[in-house]
1. Shape verdict for the stretch 566-610, please, from the Cα gyration tensor: rounded (a/c under 1.5), prolate (a/b greater than b/c) or oblate.
2. Could you work out how far apart the two model spin labels at Glu494 and Ala64 are, taking each label as a point 7 Å from the Cα in the direction of the beta carbon, and quote it in nm?
3. Tell me, in nm to one decimal, what length is gained between Lys234 and Ala600 on full extension, where the rule is 0.36 nm per residue of separation less the Cα-Cα distance?
4. Could you work out the local net charge near Gln349, counting Lys and Arg as +1, Asp and Glu as -1, over the other residues with Cβ closer than 14 Å to its Cβ?
5. Given labels modelled 7 Å from the Cα in the Cβ direction, how far is it in nm from Leu526 to Arg124?
6. Give me the compactness ratio for the chain, meaning the Cα radius of gyration over 2.2 N^0.38 Å.
7. So what is the 222 nm mean residue ellipticity for the chain from helices alone, if each DSSP H run of at least 4 adds -39500 (n - 2.57) and you divide by all residues, rounding to the nearest 500 deg cm²/dmol?
8. Extension gain Glu387-Arg613, at 0.36 nm per residue separation less the Cα-Cα distance, in nm?
Amino acid sequence: MDQLLLKDKLQTLPTKPGVYLMKDEGGEVIYVGKSVNLRHRVRSYFQASASHSLKLHRLICHIADFDFIVTDSEIEALILECNLIKEHRPKYNIRLKDDKRYPYIKITWQEDYPRVIVTRRMERDGARYFGPFTAVWAVHQTLDMLRKLFPYLTCKREITGQDKRACLYYHIGRCAGPCIGAISREEYRALIKRICLFLEGKAEEIVADLQAQMTFAAEALDFERAAALRDQIKAVERVTKQQKIALAVGKDEDVIALARENDDTCVQVFFIRQGKLIGREYFILDGASEEDEAQIVASFVKQFYDEAAYVPTKIILPTNVEEAMIIESWLRSKRGSKVKLHVPKWGRQRELVRMATENAAETLASLRAQWLLDEGRSVEALAQLQEHLGLDEAPTRIEGYDISNIQGTAATGSMVVFVKGVPRKSDYRRFRIRTVEGADDYAMMQEVLRRRFKRAIEGRAGGSPKLKEADVWTILPDLIIIDGGKGQLNATLEVLEEHGLKDEVPAVGLAKKREEIFLPGRSEPLVLPRDSQGLYLLQRIRDEAHRFALGYHRQLRAKKGLASILEEIPGIGPKRRQALLKHFGSIDAIRQASVEELAAVKGMTRKAAKIVRENL
């Protein structure tokens with residue numbers, strides 16, 4: 001924008017509260033801020049001041065235009081600021097490093113028979129949410145433990161209590177069996193309520209309730225139920241012993257602290273419920289390297305609690321923040337009761353802040369060491385691939401492809417992307433096979449590649465209005481990895497030739513059996529040393545493509561009602577399925593078992609074990 005026009009626009013700014021958006025010459029939002037007085041705050045950016053930080057100087061140099069939105073109050077401005085930072089992810093704002101949504105545990109309390117599931121989106125649907133968590137594996141680990149304590153149902157069938165028989169999970173103690181009436185609606189909802197209490201850190205209430213039920217059952221001479229309740233009490237107490245006592249007074253508090261090293265910032269959150277430390281999570285921040293601690297803490301609190309499923313009565317911070325009163329008012333509106341931001345000077349709470357700070361520092365040091373190690377390995381791996389595959393340059397962008405299906409059923413394809421040896425999950429794509437009938441993996445791979453490179457060609461030529469110039473489809477890979485040998489590679493080369501890309505995009509096949517690499521024009525495969533970083537990277541890409549395709553394949557199969565993979569394995573009937581699930585507890589555990597472990601299960605043979613391994 002012309003400087004005169006910018007100056008005129010500054011004169012028209014209102015003196016009301018609101019949010020302002022700074023933009024660069026390309027119209028991209030590079031900073032979002034809020035103020036109780038828009039005119040005063042925005043004009044301050046364009047006034048020379050020695051107090052401006054280096055980061056602020058850089059921001060000002062890139063401002064070509066700005067917009068503003070007036071709000072009725074500072075609280076509304078704070079909420080709008082959070083939403084706009086999430087939407088635009090401006091370069092100069094402090095923000096959570098990952099732009100993905102964090103996982104939550106969702107309990108569909110609005111249903112007669114609530115389910116316990118993992119989701120990445122909170123909605124106002126009457127369900128109860130717990131989180132966010134930074135690692136989805138930790139969520140599933142928690143749910144596996146809860147299912148052993150409180151066997152909730154996982155199927156999506158309509159529960160009437162009139163089903164003639166229950167699924168295998170009922171027989172191995174992983175479901176309470178409401179479908180066959182083994183537990184009433186009221187009893188099942190009481191079981192789900194205990195899960196909610198457990199996730200809230202209220203184990204004492206669970207134990208007290210179970211003990212009352214055990215006493216009642218014993219007095220009624222129902223000794224079998226009393227014994228089952230006794231075992232459940234012991235299991236709950238055994239799990240809760242791992243929770244560390246934090247305070248003598250049973251309060252709900254979050255403790256927030258941070259650690260910084262060079263340009264990296266890690267925030268650690270301790271979750272204290274009923275006076276016990278029940279969990280902790282860490283978060284990495286972008287854009288925080290030149291900000292002071294108070295600004296980082298304030299930005300994190302706003303972004304974290306904007307998404308958090310639960311706001312405690314007190315949030316313990318390492319330093320005072322300028323916006324404390326307005327943040328407290330906003331948190332009070334979210335919680336429905338008073339919330340206090342507290343900076344302790346001494347005592348147990350100050351010790352908790354110190355402990356959280358130490359954990360943040362240790363976490364950051366560990367992550368930095370891992371990042372440096374991965375970066376060094378990636379550089380070495382890419383150099384080795386350039387040398388061994390005869391490439392002109394080290395392959396910066398590598399795409400991996402795989403197909404997943406069972407005899408042509410629910411066939412899917414995947415495209416995973418690694419940039420500089422690191423997964424770029426935002427560029428991953430998945431495909432549902434549309435044109436191929438039956439189990440023809442070559443034809444399926446060709447369909448996936450045709451769809452991928454058709455969009456690349458259209459994007460380059462500007463022939464598709466759906467594609468933007470920066471769309472990931474238009475970026476050609478420096479190398480393609482196909483899961484398979486000569487057949488898969490030749491099918492790939494046909495598609496590249498169809499699109500005029502055979503000389504532009506190198507492709508290789510990686511066969512699992514001996515980890516042989518098949519190259520175009522070579523009759524003999526290439527075998528890299530087992531300790532080669534280049535081979536390790538190829539394996540990672542191949543395995544990631546397989547994982548991504550298989551995950552989508554399972555989703556499609558689940559939608560079709562194919563609940564268990566075991567049902568489709570030849571020679572594995574109901575008795576063997578039940579024995580396997582009872583012994584291992586889950587499909588994943590069966591998948592990880594060796595042939596010897598599978599063969600040791602009652603009713604199984606070594607031949608049947610090999611069939612299970614091959615199919616899983």
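What follows draws every value from the coordinates through simple rules; no lab data is involved. Predicted, not measured: the structure shown is a model, and the values here were computed from it. FYI the Cβ positions are ideal-geometry reconstructions off the backbone, even for glycines, and counts take in every protein chain you see.
1. Cα axes put the stretch 566-610 in the rounded bin.
2. Distance between the two pseudo-spin positions: 4.8 nm.
3. 128.7 nm
4. On the way: positive: Lys251, Lys314, Lys340, Lys345, Arg348, Arg350, Arg354; negative: Asp252, Glu253, Asp254, Glu351.
Neighbour charge sum, excluding Gln349 itself: +3.
5. With each label point 7 Å from Cα toward Cβ, the separation is 5.8 nm.
6. Working: Rg = 28.7 Å, N = 616, 2.2 N^0.38 = 25.3 Å.
That ratio works out to 1.14.
7. Details: 19 runs with 272 residues, N = 616.
Using -39500 (n - 2.57) per qualifying helix, the result is -14500 deg cm²/dmol.
8. Numbers: separation 226, 0.36 × 226 = 81.36 nm, distance 3.62 nm.
Once the chain is fully extended between Glu387 and Arg613, it gains 77.7 nm.
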